[in-house]
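K.L.:
Supplied in structure tokens, the structure appears directly below.
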Amino acid sequence: MNEKENKGGNNDEPNKKFSIWDLPDVPMGQLPPHLQLQKTRVVCKADAPIHTDNISYSGAYASIGVDNSVHLDLFRDNFKVNVIRLTKEDMEFDMIGIDPALANAFRRILISEVPTMAIEKVLIAYNTSVVQDEVLAHRLGLVPLKADPRLFEYLSANDTPNEKNTIVFKLHATCKRGERRTVYSEELKWLPKGSELIKEAGQADSKPTTYTSFTCSQDMLPEFSEDPISPSEDKIILAKLGSKQEIELEAHAVKGLGKTHAKWSPVATAWYRMLPEVLLLEDVEDEVAEELVRRCPDKVFDIEDIGHGKKRATVARPRDCRLCRECVRGEGWEERVELRRVKDHFIFTVESTGVLPPEVLFTEAVKILEEKCERVISELS
Amino acid sequence: MNAPDRYERFVVPEGTKKVSYERDTKIINAASFIIEREEHTIGNIVRMQLHLDENVLFAGYKLPHPLQYKIIIRVSA
């Protein structure tokens, strides 16, 4: 029997094939909503997230007739950057419309490939404190220095240290008899004219040479004359001295990358997260609403009154959600709340150590990514 | 003791080329690119961009060993 017969039993028309695409409410050329959800959102269930992969293959939806390819002009139109917070030390901004591979590349470059200056060689003249030489040298290396690394060059093994690639600091601390004191990083004095320690020369008649050969003083340069080079934080504890102990040393700082050693990393850290989206799947009322608001430690939910003394829960601040999943833990909560992440909206946070302001750090990271790509491209051709 | 120097991660030694290219003998229109002294930063981006191209059938990258600083990108059109 023909299933498509009318109830009245009109058998005149043959079995007409009808296509689901002719139905008025299915949009042509776009993905159906469940596939759109799968493509643009990560759904975080109570046990694990699903739909985490990026469906970027351009022929992915070819069988439905939807073109999944991304063109440069589409990307240029949809890409947005919004700065949320910008202080001297840290910055929070949103990048909308990029792929996680790019976001991760920026994060990796910020942490390990933006160059900085840090103390590498420590020439210790006198150390009678309880802090051993190597421990003191290690601590000095980790002190962040407020010197713009773009004004300096790298020092390789066979170069002589001169004013273009080295910064020299001096530390001389003594402790009076019967007292104790702490040596802070503000006691690192910048020597713009270079090293003052004299090298032991073989011939007695040659001119005494120091460990660096500065041809001109570093504070002749305009950038340094107003803003002298110093550690970016003053109160970093370097050592503690007891009675009659003394430290006298000279430290040479050079340019390097975070890849070589973490002391050359310009960010305290840099991280990103995807924009959270919190949905209430059904109306949450009264006591259940109160419990929901109580459960969330980030105060994402709020109560609103809808008259007749009834209350309802709404999502007030989804951006603050840290995905602790307290709201979906337990019986029956997964049907009420759905936690999601928007796959192409990244909230970046960059915390600088004081070397450069965070917005400069990010622009440097973009330039470095460009350079890396240029290098690979030039080798190919 | 056996760890390589940290600067080996990004300094390309004399004699080796930064990018080398080998065609795949068994599959038509497929090749492997070996990029020296690069890692996930570049590899993931190139792989992502290759996926967006309509003519690409297969694109992937890997680091054969974390202590050997190179990536192999395999592309098939």
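K.L.:
Looking at the stretch A:100-130, which of its residues are under 15 Å from residue A:267 (Cα atoms), of a type in the set (Ser, Thr, Tyr) and either in contact with a Pro (Cβ under 9 Å, 6 or more places away or on another chain) or away from chain B (no Cβ under 14 Å) (or both)?
P.N.:
Of everything in the stretch A:100-130, just one residue is under 15 Å from residue A:267 (Cα atoms), of a type in the set (Ser, Thr, Tyr) and either in contact with a Pro (Cβ under 9 Å, 6 or more places away or on another chain) or away from chain B (no Cβ under 14 Å) (or both), namely A:116.
K.L.:
Of everything in the stretch A:326-381, what is hydroxyl-bearing (Ser, Thr, Tyr) and within 14 Å of chain B (Cβ to nearest Cβ)? Give them in sequence order. First the steps, then the outcome.
P.N.:
We begin by selecting, within the stretch A:326-381, every residue hydroxyl-bearing (Ser, Thr, Tyr); these are A:349, A:352-353, A:363, A:378, A:381.
Those that are hydroxyl-bearing (Ser, Thr, Tyr) and within 14 Å of chain B (Cβ to nearest Cβ): A:378, A:381.
K.L.:
While we're looking at this one, here's another question. If I ask for residues that are more than 11 Å from chain B (Cβ to nearest Cβ), of a type in the set (Val, Ile, Thr) and either over 18 Å from residue A:273 (Cβ atoms) or not in a loop (DSSP other than H, G, I, E, B) (or both), which ones from the stretch A:40-74 would you list?
P.N.:
Passing the criteria: A:40, A:42, A:43, A:50, A:64, A:66.
K.L.:
Is it the case that some residue within the stretch B:43-66 is surrounded by 20 or more Cβ atoms within 10 Å (Cβ to Cβ), of a type outside the set (Phe, Trp, Tyr) and within 9 Å of the chain's Cα centre (by Cα)?
P.N.:
Taking every residue of the stretch B:43-66 in turn, at least one turns out to be surrounded by 20 or more Cβ atoms within 10 Å (Cβ to Cβ), of a type outside the set (Phe, Trp, Tyr) and within 9 Å of the chain's Cα centre (by Cα).
K.L.:
Only one of A:359, A:364 is buried (at least 19 other Cβ atoms within 10 Å of the Cβ), of a type in the set (Asp, Glu) and at pLDDT 85 or above; which?
P.N.:
After ruling out the rest, the residue left standing is A:364.
K.L.:
Picking from A:191, A:238, A:197, A:221, which residue would you name as being of a type in the set (A, V, I, L, M, F, W, C), more than 24 Å from the chain's Cα centre (by Cα) and loosely packed, with under 14 Cβ neighbours inside 10 Å?
P.N.:
Result: A:221 is the single residue among A:191, A:238, A:197, A:221 that is of a type in the set (A, V, I, L, M, F, W, C), more than 24 Å from the chain's Cα centre (by Cα) and loosely packed, with under 14 Cβ neighbours inside 10 Å.
K.L.:
Could you identify the single residue in A:155, A:123 that is touching a residue at least 60 places away in the same chain (Cβ under 8 Å) and either part of a helix (DSSP H, G or I) or touching a Ser or Thr at 6+ places or on another chain (Cβ under 7 Å) (or both)?
P.N.:
On the way: A:123 fails: either part of a helix (DSSP H, G or I) or touching a Ser or Thr at 6+ places or on another chain (Cβ under 7 Å) (or both).
Exactly one of A:155, A:123 is touching a residue at least 60 places away in the same chain (Cβ under 8 Å) and either part of a helix (DSSP H, G or I) or touching a Ser or Thr at 6+ places or on another chain (Cβ under 7 Å) (or both), namely A:155.
K.L.:
Follow-up. Which of the residues that make up the stretch B:1-55 are out of contact with any Lys or Arg (no Cβ under 7 Å at 6 or more places or on another chain) and among the aromatic types (Phe, Trp, Tyr)?
P.N.:
B:7, B:21, B:33
K.L.:
Being surrounded by fewer than 19 Cβ atoms within 10 Å (Cβ to Cβ) and not charged (D, E, K, R) is the filter here, so list the residues in the stretch A:329-344 that pass it.
P.N.:
If the condition is that a residue be surrounded by fewer than 19 Cβ atoms within 10 Å (Cβ to Cβ) and not charged (D, E, K, R), then A:330, A:332, A:333, A:342 are the ones that fit.
The values are calculated or read from the model by the stated rules, or taken from the named source; none is laboratory data. Because the structure is a prediction, the values reported are computed rather than measured. Don't worry about glycine lacking a Cβ; one is built from the backbone with ideal geometry, like all the others, and counts go over all protein chains shown.
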